[in-house]
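Encoded as structure tokens, the structure appears first; notes follow it.
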2 protein chains.
Amino acid sequence: MASISSTITERKQFNQVGTRPVRPDGVDKVTGRARFGADVSAPGMMVGKVLRSPHAHARVLSIDTSRAQALAGVKSVVTRDDFPELAEGTVERLREDSIYDISCNVMAREKVLYEGHAVAAVATTSASIARKALALIEVEYEVLPHVTDVDAAMAPNAPVLHETLFTRGVEPPPQAPSNIAERTQIVVGDVAKGFTEADVIVEREFRTEAVHQGYIEPHACLASVSEDGTCDLWCTTQGHYAVRDTCAQILGMELSSLRVTASEIGGGFGGKTTVFIEPVAVALSRKAQRPVKIVMDRDEVFRASGPTSSASMTMKIGITKEGRITAGEGEFRMQGGAFPGSPVPYGAACTFAPYDTKNVRLISYDVVTNRPKQAAYRAPGAPMCVYAMESVLDELAEKIAMDPIELRLINAVKEGKKSAYGPTFGPIGLVETLEEARSHSNYDQPLGPNQGRGVAVGFWPNYGGATSVSLTTNTDGTVLLSLGTPDIGGSRASMCLMAAEELGIPYEKVRATITDTNSLGYNDGTAGSRVTHSAGMATIQAACDAIDKMRDRAAKIWDIDVEAVVWDDGYAKPASSNAGEFDPMSFAEIVAGSHSTGGPIAGHAEINAEGAGNSFATHVVDVEVDPDTGKVTVLRYLAVQDAGKAVHPSYVEGQYQGGAAQGIGWALNEEYIYGDDGKLQNPGFLDYRMPVASDLPMIDTIIVEIPNPGHPYGVRGVGETPIVPPLAAVGNAVARAIGRRLTELPMSPPKILSALER
Amino acid sequence: MASISSTITERKQFNQVGTRPVRPDGVDKVTGRARFGADVSAPGMMVGKVLRSPHAHARVLSIDTSRAQALAGVKSVVTRDDFPELAEGTVERLREDSIYDISCNVMAREKVLYEGHAVAAVATTSASIARKALALIEVEYEVLPHVTDVDAAMAPNAPVLHETLFTRGVEPPPQAPSNIAERTQIVVGDVAKGFTEADVIVEREFRTEAVHQGYIEPHACLASVSEDGTCDLWCTTQGHYAVRDTCAQILGMELSSLRVTASEIGGGFGGKTTVFIEPVAVALSRKAQRPVKIVMDRDEVFRASGPTSSASMTMKIGITKEGRITAGEGEFRMQGGAFPGSPVPYGAACTFAPYDTKNVRLISYDVVTNRPKQAAYRAPGAPMCVYAMESVLDELAEKIAMDPIELRLINAVKEGKKSAYGPTFGPIGLVETLEEARSHSNYDQPLGPNQGRGVAVGFWPNYGGATSVSLTTNTDGTVLLSLGTPDIGGSRASMCLMAAEELGIPYEKVRATITDTNSLGYNDGTAGSRVTHSAGMATIQAACDAIDKMRDRAAKIWDIDVEAVVWDDGYAKPASSNAGEFDPMSFAEIVAGSHSTGGPIAGHAEINAEGAGNSFATHVVDVEVDPDTGKVTVLRYLAVQDAGKAVHPSYVEGQYQGGAAQGIGWALNEEYIYGDDGKLQNPGFLDYRMPVASDLPMIDTIIVEIPNPGHPYGVRGVGETPIVPPLAAVGNAVARAIGRRLTELPMSPPKILSALER
């Protein structure tokens, strides 16, 4: 972390951080004025549509676009021929250079690898012409056998997706291509010995289905390529710099020639951290020399954006009768769709992170199948792996008749302990979340028949990353923040709070703008729970940079040394009476005269944010199972989590509630259903069942605040951890409600009924 | 000027500055893709139109908008009642706080002060409904006597525009209101004594008519006010920060609540440094809660934007028979339309600036009349005053039979001399321009019958001002410049050249963006010939700031002190072999890895640019007068001017040529023609005669380069000086062609014929 200002100090007392002002983007969002991905238009704009594979796996023998191109109103047609040649994909390239995979995913090359894989696209004067044009494109396929299940894909006789994919991480190096892209492992201590020390051992197999992030807003973008090759691209994304970098690499452009503006975003949850239609729109516009807009419909979102992986897992844990974990062993097999890169190693690493365990072995397999290429989904990989982990722990607690929170407290990791996955923890709040959960009134509620209470713990390491923020002052005493991280969860408000706190001016005087890629230095996306921590840190640094300049102006006006001027809650003051007798100068006074005292005053920070603090959560859920229908009703839900410091507590609570809601859907109803034909059977919200408001009780939250020393205000990321415990918590509650343990998600009514009938 | 980087050094050798690359905005501008003021649209956008006064001067007794408001499709109507109350305008306020004047100009209050003055505006669903709505607004006027001529307006019995306007700068303070807003004077030495030392004295009266900047693109803007009061405003302007500040003050908004984006601009020449329709569009949108676009038509541009002042002037100069000026005395009377603020004092100050003269007295009168409020027009005030000055000098040269360049060389001001208007000159290039003009082949061309050669000198002080620039690096080695100064004359290319020069990377790797007011700190507008100097200086500083950071990264990688790392033409290198043996690291290498070595690398500069160097020019023109028609044909034209250092010589030459072309139009044909009814008679390009390409010869140029020590590369502003000499140069050429001196512009055919008949 670059040290930009001498004045940044750790802060423990807050005037504004921790309050709950109205979010600045709120009015525009509720009135419909806010511009989301599909709301941007340009004069002369064409409608772009994508032709998608009807087959799960096929060789593309030929594509004849001549009839489509001859249709009146068709301005451009693109196929694989319009994407630059990429070197033949070797295993090394496929793994090292994900651009190759993304490029092949946004436009199929020699093969289509899943139903919905893009094979061509058109830019036309109307949507109806676009549909006609797509129908006129003749694609000759050689249909190949397919595989959509992770275990089937790992079998020796499985249809192989990539002839150039050889399993990494195994010895000796394999001689034949495989759908197993990589095997990774984490080994700590002596697992065999650990199991000999156990009094009770439980081993189970688990399966979870792929789910979709289910963001309300489909992918949408508008690309406008000029005759000189430069391009303006507007899109809904979690990271417009990543969109720029990816599109530019896929299409052979310089980063400076592609200006990406992030629209408001109607949900992302990780699914908008990559590109699907954006390079296609740029390619269409480049060829048409017109602006081209592509908006996915919901069917396309399900079939051809990036759901999360499905998983098949084995988990084995041994404990003493006093509840101490002696050993743990897991094998995690995830398919991430048609290209390598499932989040399995990250998920595996989260399983034992909350527990002080000496002996752990975790094996992960990253597997490709004939499904859409997975994208990140909130704490990628962790909900599934932790589902397996926390389910087994729950069963062990039952076996030794121990309170499940007590079991976790006995094993809870504390500051100074080395995590099973590597790093040594600093100050963390796991114990506090467990204790808060145990003392909450929910944990004392009596349970009736067919009711059960589930507990689970969750962990996510969080991420910092490259971040740029600029802060400019206006002569009327207002402040503008330039941010490069799309505001999904209220980050504009949070950044304004931190800037106001640091400058010592009212929150209302600060406004934030999400700038385009040409107007501010690079920012990693709104992902990894990084923004409040990292953009917050950069915001504070930028404010301190501005404060240093204001101290300098005051020093010049007073004709004293800048070191003799301090900044104190919105005022420049002499550091001591030795420095001279001067009336404090307010922020407003200094910036009002700034143009003539040396120029406009601004502050800047470009950092690689380190010190993102881990965040732990404990969730407690009560459910009731209807024995006649198998329907599970969530009675009450409590999410307790360490936020380090909650900058805007309402948004922190919203993250806790949102993560829980998504996890409940994943646990109970959501799933990708594939037919034997390899085609998705439920690509719509009627058949893909997400929880709606009436499905859920009020989700109670408790914010624990154990300051993160890696942030001047103690902030930790909170966005991802909340989706980690719910799968297991709900699973454990159902198990205790019906006295039988389901090991396959979702626990939809037929599966519950089937379990009850066993 | 803030010292941002230790590495900024004065540069005399250039690799890229001084070359002529293609301008980056060129392709979009010639293909029509570039978005100008009227090219921006928004969903649900309304058409805004303004109702304008048919009277030159009238009291507005009442405005009834009820019938207009009842018309279907009318979404809002605004009048003076929709603009916040401004304190009753006192003389002090009128002069000190130009916001009051601008507010009253954009929407009339108790009186309309000129034909075309806005009295109401509507936002409607279509242009035809807008026209109907305007016709339904009933305004009751009490018509008052009017005055449009400057001398008439100064007469004691003239109709008074402002009952609260009392002449400033006269003793004793006046008891009655007057159209003379202010009297200012410059007095140096003893003028009476100076005239006694003269061998020849010439005194003449001159008149010039108001002219319009004649930009191709009419004023256009789109305002979108949200329900929370924040506003997005797109407009064609020379300074979007000034638009923001002015609109916000007029409408009582915070600066942070108004985001202004400057479109591409189809010419400004000073006329787009203020606001006309922008506050009206914001007021309409605020009331309609819809986006509102207003586009002026050409008639409105002529009647109700800001032409320059008309002038009435007296000039008297005495010289010895050896050609030495002994004394000069001028009185300059300019009307600037309905509100104070004509540029007369600036123009007066330019008259004797080029000449080392001991005795000077210049009196200026700023006068209001019933005409549209003047706006800046390229070197505001100077072309008229210098026309008077240089005409008299020419006549004196004739009288003592001296070459007109020789006369000017004898009196030319040099480095270290105090200018008559105040400052002491640094290194300047006046003598060099005179000598270059004298040695140019044009000056030797033989002249035929009815042909004449005119010479004139021009001067403009130039301006620096508040400037913010950010420079960001991309990991692929490209660079993005964020500028806040609209690109009128190729400044993107010039800034990219300077950034590339400083960083030591190819020009093609740098791209510039004109950012909006929310994305970059404050910038004064593209005016005062300031951008290449001041934004250039800030660009160089920002590049040096980035270089310092790159040196720091290299030092960290090499584990040596940053002071031991130098930047040399695109590479970080050890300062000496003592520092250690390291291979130089290129710009591309350092930025490629920047995210992990400390974060993205950017450079920033916010400055109050000082040291804008003055620029002098000498123009020589040959004309031929048709004695039958009075038509003047320009045979050849030479513009010689000091650029300090020409960053992009083609654009410097373009400025010289463009200024000459506009000056020729002003001298020969352009004029505002008012009828006795106080109405403009020629509000269109058919009747307002601007020169077109076929009217003009190739305008030859010579760039003199006397480096300006106030800029690291020696740059001077060049945009305004070129319009200063042409009025006099053409006037002198006509006088010598026909043997009679016209003293009134334009020298249109009827005036020439009338002079020939005298």
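Restricting to region A:603-618, and then to whatever is open to solvent by less than 10 Å² (accessible area, probe 1.4 Å) and of a type outside the set (A, V, I, L, M), can you tell me which residue is nearest to the other protein chains (Cβ to nearest Cβ)?
Initial filter on region A:603-618 (open to solvent by less than 10 Å² (accessible area, probe 1.4 Å)): A:603, A:605, A:607, A:609, A:613, A:615-618.
With of a type outside the set (A, V, I, L, M) added as a condition, the list becomes A:603, A:613, A:615-616, A:618.
Numbers: A:Gly603: 9, A:Gly613: 19, A:Ser615: 23, A:Phe616: 28, A:Thr618: 34 Å.
Filtering first and then ranking leaves A:Gly603.
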* Asked: Which of (1) more than 20 Å from the chain's Cα centre (by Cα); (2) charged (D, E, K, R); (3) crowded, with 21+ Cβ neighbours inside 10 Å does A:Asp228 not meet, given it meets every other one?
  -> (3)
* Across region A:444-482, which residue is farthest from B:Gly593 (Cα to Cα) among those that are open to solvent by less than 30 Å² (accessible area, probe 1.4 Å) and among the aromatic types (Phe, Trp, Tyr)? -> A:Phe459
* To do: Could you tell me whether A:Val457 is away from chain B (no Cβ under 12 Å) and touching a residue at least 40 places away in the same chain (Cβ under 8 Å)?
  => yes
* Please work out if A:Ala538 is closer than 22 Å to A:Pro21 by Cβ, assigned to a helix (DSSP H, G or I), open to solvent by less than 10 Å² (accessible area, probe 1.4 Å) and not assigned by TED's automatic domain parsing to the domain that holds A:Tyr421. => yes
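Matching residues to (1) assigned by TED's automatic domain parsing to the domain that holds A:His648; (2) over 23 Å from A:Arg20 (Cα atoms); (3) not charged (D, E, K, R):
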| position | (1), (2), (3) |
| --- | --- |
| A:Arg453 | yes, yes, no |
| A:Gly458 | yes, yes, yes |
| A:Asn474 | no, yes, yes |
| A:Asp487 | no, no, no |
| A:Val510 | no, no, yes |
| A:Ile514 | no, no, yes |
| A:Thr532 | no, no, yes |
* Counting only residues that are at pLDDT 95 or above, give me the helices (runs of 4 or more DSSP H) lying completely in region A:61-161 with at least 1 of them. => A:66-70, A:98-106, A:127-136, A:150-154
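This table checks each residue for (1) assigned to a strand (DSSP E or B); (2) under 38 Å from the mean Cα position of the chain (by Cα); (3) within 14 Å of another protein chain (Cβ to nearest Cβ).
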| residue | (1), (2), (3) |
| --- | --- |
| B:Glu563 | no, no, no |
| B:Val566 | yes, no, no |
| B:Ile590 | no, no, yes |
| B:Val620 | yes, yes, no |
| B:Gly630 | no, yes, no |
* Asked: Which one of the conditions (1) of a type outside the set (A, V, I, L, M, F, W, C); (2) outside any loop (DSSP other than H, G, I, E, B); (3) closer than 30 Å to A:Ser519 by Cβ; (4) away from chain B (no Cβ under 14 Å) does A:Lys645 fail to meet, given that it meets all the rest?
  -> (2)
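Per-residue answers, yes or no, for (1) crowded, with 20+ Cβ neighbours inside 10 Å; (2) closer than 13 Å to A:Glu720 by Cα:
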{"position": "A:Asp628", "(1), (2)": "no, no"}
{"position": "A:Tyr637", "(1), (2)": "yes, no"}
{"position": "A:Gln641", "(1), (2)": "yes, yes"}
{"position": "A:Lys645", "(1), (2)": "yes, no"}
{"position": "A:Ala660", "(1), (2)": "yes, yes"}
{"position": "A:Ile664", "(1), (2)": "yes, no"}
* Structure fact -> Given the conditions (1) touching a strand residue (DSSP E or B) at 6+ places or on another chain (Cβ under 7 Å); (2) outside any loop (DSSP other than H, G, I, E, B), every one holds for A:Ala210 apart from (2)
* **Set B:Glu300, B:Glu329, B:Glu322: member being touching a residue at least 40 places away in the same chain (Cβ under 8 Å), closer than 24 Å to B:Leu680 by Cα and acidic (Asp, Glu)** => B:Glu300
* What do you reckon, is B:Ser178 polar (S, T, N, Q) and either open to solvent by less than 10 Å² (accessible area, probe 1.4 Å) or not in a loop (DSSP other than H, G, I, E, B) (or both)? -> no
* **Subset of region A:192-201 that is surrounded by fewer than 20 Cβ atoms within 10 Å (Cβ to Cβ) and not polar (S, T, N, Q) - its residue that is nearest to A:Glu671 (Cα to Cα)** => A:Ile201
* Hits in region A:207-224 - residues which are open to solvent by 10 Å² or more (accessible area, probe 1.4 Å) and within 14 Å of another protein chain (Cβ to nearest Cβ) -> A:Ser224
* Kindly provide the set of residues from region A:475-513 that are more than 12 Å from chain B (Cβ to nearest Cβ), part of a loop (DSSP other than H, G, I, E, B) and not hydrophobic (A, V, I, L, M, F, W, C), ordered by number. => A:Thr485, A:Pro486, A:Asp487, A:Gly489, A:Gly490, A:Gly504
* Which of the residues spanning region A:153-201 are over 24 Å from A:Val60 (Cα atoms) and under 29 Å from the mean Cα position of the chain (by Cα)? -> A:Met154, A:Thr167, A:Arg168, A:Gly169, A:Glu182, A:Arg183, A:Thr184, A:Gln185, A:Ile186, A:Val187, A:Val188
* To do: Determine whether A:Ala572 is at pLDDT 95 or above and within 14 Å of chain B (Cβ to nearest Cβ).
  => no
* Name the residues in region A:346-404 that are among the aliphatic types (A, V, I, L, M) and in a helix (DSSP H, G or I), would you? -> A:Ala348, A:Ala349, A:Ala382, A:Met384, A:Val386, A:Ala388, A:Met389, A:Val392, A:Leu393, A:Leu396, A:Ala397
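To keep it simple, each residue is scored yes or no on (1) at pLDDT below 95; (2) more than 27 Å from B:Ala592 (Cα to Cα); (3) within 13 Å of chain B (Cβ to nearest Cβ).
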position	(1), (2), (3)
A:Cys231	no, no, yes
A:Tyr241	no, no, yes
A:Met253	no, no, yes
A:Phe269	no, yes, no
A:Leu284	no, yes, no
A:Lys287	no, yes, no
A:Pro291	no, yes, yes
A:Val295	no, yes, no
A:Val301	no, yes, no
* Structure fact -> Residue count, region B:417-437, condition at pLDDT 95 or above, open to solvent by 10 Å² or more (accessible area, probe 1.4 Å) and touching a strand residue (DSSP E or B) at 6+ places or on another chain (Cβ under 7 Å), comes to 4
* From the list A:Gly714, A:Gly710, A:Gly678, pick out the single residue that is in contact with a Pro (Cβ under 6 Å, 6 or more places away or on another chain) and in a loop (DSSP other than H, G, I, E, B). => A:Gly714
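Those residues that are part of a helix (DSSP H, G or I) and either more than 7 Å from every other protein chain (Cβ to nearest Cβ) or open to solvent by 60 Å² or more (accessible area, probe 1.4 Å) (or both), I need them from region A:27-41; list them, please.
Passing the criteria: A:Lys29, A:Val30, A:Thr31, A:Gly37, A:Ala38, A:Asp39.
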* Asked: Are any of the residues in region B:593-601 within 14 Å of another protein chain (Cβ to nearest Cβ) and within 30 Å of B:Gly465 (Cα to Cα)?
  -> yes
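The values are calculated or read from the model by the stated rules, or taken from the named source; none is laboratory data. None of the values given here were measured: they were computed from a predicted structure. Please note: Cβ atoms are built from the backbone with ideal geometry, for glycine as well, and neighbour counts cover all protein chains shown. Ligands, DNA and RNA are excluded from the accessible area calculation, which covers all protein heavy atoms including side chains. Shrake-Rupley method; radii C 1.70, N 1.55, O 1.52, S 1.80 Å.
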